[in-house]
Structures are given as structure tokens and as C-alpha cells.
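Structure first, then comments.
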There are 2 protein chains.
Amino acid sequence: MTVTLYELAGADPALRFSPYCWRTRLVLAHKGIDVEGLPWRFTEKARIAFSGGTRVPVLVDGERVVTDSWHIAEYLDEAYPDALVLPRDAAGRGHMLFINAWADGVLHGAIARCVLKDIHDLLAPEDQAYFRESRERAMGRSLEAVVSDRDTAGVTGVRAALAPVRAVLRRQMWLGGEAPDYADYLLLGSLQWARCVSRFALLAEDDPVAAWHHRGLALFGGLLENAPRA
Amino acid sequence: MTVTLYELAGADPALRFSPYCWRTRLVLAHKGIDVEGLPWRFTEKARIAFSGGTRVPVLVDGERVVTDSWHIAEYLDEAYPDALVLPRDAAGRGHMLFINAWADGVLHGAIARCVLKDIHDLLAPEDQAYFRESRERAMGRSLEAVVSDRDTAGVTGVRAALAPVRAVLRRQMWLGGEAPDYADYLLLGSLQWARCVSRFALLAEDDPVAAWHHRGLALFGGLLENAPRA
């Protein structure tokens, strides 16, 4: 089986950096599903209009089109139930959704404060104008101003935000226990976003999160480790 | 069966407000275990020295003494396995611990910014001096300065911090699914802390978290709703 995945790309089409697309990539790898990744740019809304949405990831599996990384994970667990990544019960599903929403809101906000300008710099020219205008409007200041204190407040904010992750990793190898599950994948996606767009070091080397990240980079034959970086 | 629980109290010994003690109270109620709650004050370290620690909750169950709300929940699930509150598997346990650590760090920090001065005001005189000195040293400013913008940045911070909770409650009644589990209890404990120490309104009435909170207040015959408030 091969599915098609529309993925956010930079000026270099090989540079794929969306945290949400990486989540889907990791779920597909977990299930052993082959994927053809198509590069997509912010300004190519028309190319994914068939999905009913304006954002990636967009997964095409035969006749089926699914958007949104969470819904894609749910779909893949239904369609390919051999190696589940999400809990089956409402309690476990709710807790996972909590971690998912925390990453989207808290963690991504903290990471963006450090790498937003780097993202701009790797985009294709038509995307750069869109990205700068939309992000500067949302944040109320220039991209340069957002990242100006990343060496101090920015990186401190990311490391502080990761405290709940650290609490779990003090007890076990993966958020999923003895093996990774979707909690690991979604968080690896967040760090892969930062890793692909920037050389800025978010984690201290002696952070338990860094040790976990090294384990994650090696998963699936180095899927994350070998991905092109800016 | 009756267990003994040392609980943080105000000048009024009936006023019990520690979020961590409320977590334990809710687990005990969930399991139908009778509890004798003993009021304890910050400056009474000697009274709980037998526990090996300096903080409450301290649970005494026959010969067994357990400290720390998370360890108490684990102990109670082991000793009274009829109505479990924690997931049994490492993945589910890890996700729950994540939510627990998030509440302790992120949410409690945001709530403290709003109610720290109210806590001070309800304490016994000897605790007031200890509380002011230790908290002002930790926060680098006076209690009055900490809460000075609670009507604006303070309350906005609490509501923003609750975004991951809101994401789950859009899909289900409780964080635990169709019935509350420890994720609900720990978060209800956090809000009960704020509710017992202050009349300051943290939640907007139309917030899905407020609707969930009302359901939580009614649990176990109104255990939370009927608790004394400052």
C-alpha cells in the first residue's frame, strides 16, 4: 500500500519541516505504510482545495482524503489497525488529545519564538511575503523582534515548557512506556520542525529530553535524523 | 476502613485548600474510603516529621505512611484496586503523569498569580510570615505586586493555560471519558484550591471548562461544592 501526503516544503522541495506533517510521517512509519510525499507551499492553497481545507498535512489514501494530523492518526488507526498509535478508550484518547493540544499551543508557541525568522529564510520567495505578513500581524511585531532574545528568554521558555515531558521521562524511556506511541511521535514532530528549519540548539545536552530525542532521531532507520535540514 | 489525612489548613481549621490534598480527597471519595482529615499548618513541620517529608498530603493507613499526592494515588490503587483512578499500563500512566506535571507547573503558576495574596490573608499568623517570606523570595517581588494585574494578565493567563483542557472537553464530558478519572480529579483539585482561597473568578461562564467544573463540584454529594471557603 502507498499513500500520498502533501507536505509543507521550503524553497528546496526536499526540505519538509511542518511538525504536523512529521507526526503523520511517524505514524505511517510506525505502521509500515509506504508514502509518496508531495511538496506543497503556503501559497498553493488551490492545489489542496480538493481536501476542503487550506492546510497540510493532506493524506490521500485511494479514494479517501483526510486532513488534520489528529484526524489522520485516527483514520490510520481505523484503516490499518495492526499497529495502533492512539489509545482505544475515551480516557486514554482524551489524555492523548490533551498532550496534542499542549504541543500545538504551548510548545509550538515557545519554539516559534526561537525559529520563526529561520523559517522565513528557507521559504520560497512567494511564501516569504505571505509568511512575514501573516505572522507579523498575528504576533504584533517583526520576525526579527520575535527572535531577538532567543538566546536568553526564548530558549529558557522552551526548556521550561518541556517540564511535563521531563517528569515522564524520569520514569520511563518513552512517553508511551517501553515503546513510543503517538505522544512521542507528536512531540518528535515538534522538535523535528525546529531541527529542520534551524541550527539553533533548543535542548541542553544533559537534559533527559535530549537523550529521548536522540532515541527518537534513530527510529525507523533514522527517518528523522536523515531528513534534510536548512 | 478509615484513613487519616494531614491537610493544609488556614487560620480557620475547617478551611482546607491545598490542591494536592484535594486530589487525595477525591481519590478517597472515588473509592468510598472514609477519611479523618487533620488540619496542618505550614509551620508545623515537626508534626509530620514521622512521614519523612515536610509537606502535605500525608496519608496514614494503618501502619502505612505515604506522602506526595501522586504516590498516594498509586498506593491507593494498589491497596484498594476496586475502583482504579490511574491507568494500569506504562503508556497511560506516563500520559497521566504528564497532565499531573503540567498542572503542578503551568496551571498552578498561572493560578498563583491571581490568588497568592488571598492565600496569605487566610493563613494563621505564624504561617503568614513564613508564607510571605518564602513566596516573595521565590517570586522576586511582593505578594501584592504578583496579583496586581490579576484582572487582566493574570486571569487571561489562567484561561490561556487551560487550552489543552478545553480541547479535550470539546469532545467528551470528562478528561476520563464518560466518567471522571485522576486527570479530572487533579484538575478539580487545582480549581478547588483557587475556589477555597478566593472569590476571584478564574473562568468565564461560557467556558466549557466552567461547565465541566460545575459537574465536578457536584461529584460525591457535593464534596467540593460544600467545602468551606475563605
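Table: residues versus (1) in the same structural domain as residue B:185 (by TED's automatic domain parsing); (2) open to solvent by less than 40 Å² (accessible area, probe 1.4 Å); (3) of a type in the set (Gly, Ala, Ser).
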| site | (1), (2), (3) |
| --- | --- |
| B:101 | yes, yes, yes |
| B:114 | yes, yes, no |
| B:117 | yes, no, no |
| B:123 | yes, yes, no |
| B:158 | yes, yes, no |
| B:162 | yes, yes, no |
| B:167 | yes, yes, yes |
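Total residues in region B:54-67 satisfying the condition of being touching a helix residue (DSSP H, G or I) at 6+ places or on another chain (Cβ under 9 Å) and without any contact (Cβ under 8 Å) to a residue 40 or more places away in the chain: the figure is 6. Of the numbered criteria (1) assigned to a loop (DSSP other than H, G, I, E, B); (2) open to solvent by 10 Å² or more (accessible area, probe 1.4 Å); (3) closer than 21 Å to residue B:31 by Cβ, the one residue B:201 fails is (3).
The criterion of being of a type in the set (Asp, Glu), more than 14 Å from chain B (Cβ to nearest Cβ), open to solvent by 60 Å² or more (accessible area, probe 1.4 Å) and in contact (Cβ under 8 Å) with a residue 60 or more places away in the chain does not hold for residue A:144. The single condition among (1) over 17 Å from residue A:160 (Cβ atoms); (2) within 12 Å of chain A (Cβ to nearest Cβ); (3) within 15 Å of the chain's Cα centre (by Cα) that residue B:109 does not meet is (1).
The numbered conditions (1) within 17 Å of the chain's Cα centre (by Cα); (2) closer than 25 Å to residue A:164 by Cα are all true for residue B:53 except (1).
Given the structure, is residue B:110 modelled with pLDDT of 95 or more and of a type outside the set (Val, Ile, Thr)? Yes.
Being open to solvent by less than 10 Å² (accessible area, probe 1.4 Å) and either within 30 Å of residue A:174 (Cβ to Cβ) or in contact (Cβ under 8 Å) with a residue 12 or more places away in the chain (or both) holds for only one residue in B:84, B:107, B:97, and it is B:107.
Residue B:126 meets the conditions (1) assigned to a helix (DSSP H, G or I); (2) closer than 20 Å to residue B:176 by Cβ; (3) at pLDDT below 95 in every case but one. The failed one is (2).
Considering only residues that are in contact with a helix residue (DSSP H, G or I) (Cβ under 6 Å, 6 or more places away or on another chain) and hydroxyl-bearing (Ser, Thr, Tyr), look in region B:68-81 and name the one that is least open to solvent (accessible area, probe 1.4 Å). Checked region B:68-81; the qualifying residue least open to solvent (accessible area, probe 1.4 Å) is B:69.
Would you check which residues across region A:128-138 are surrounded by 15 or more Cβ atoms within 10 Å (Cβ to Cβ) and free of Cβ contacts under 8 Å to residues at least 24 places away in the same chain and list them? Those that are surrounded by 15 or more Cβ atoms within 10 Å (Cβ to Cβ) and free of Cβ contacts under 8 Å to residues at least 24 places away in the same chain: A:128, A:132, A:135, A:136.
Per the listing A:24, A:2, the residue uniquely of a type in the set (S, T, N, Q) and surrounded by fewer than 20 Cβ atoms within 10 Å (Cβ to Cβ) is A:2. For region A:158-184, a tally of residues being closer than 18 Å to residue B:87 by Cβ, of a type in the set (A, V, I, L, M) and in a loop (DSSP other than H, G, I, E, B) returns 3.
Here are the criteria: (1) over 23 Å from residue B:224 (Cβ atoms); (2) open to solvent by less than 50 Å² (accessible area, probe 1.4 Å); (3) more than 14 Å from chain A (Cβ to nearest Cβ). Tell me which single one residue B:91 does not satisfy. Residue B:91 satisfies every listed condition except (3).
The values are calculated or read from the model by the stated rules, or taken from the named source; none is laboratory data. As the structure is a prediction and not an experimental result, all values here were calculated from the model. Here Cβ is always computed from backbone atoms with ideal geometry, including for glycine, and neighbour counts include all displayed protein chains. With ligands, DNA and RNA removed, areas are computed over all heavy atoms of the protein, side chains included. Shrake-Rupley method; radii C 1.70, N 1.55, O 1.52, S 1.80 Å.
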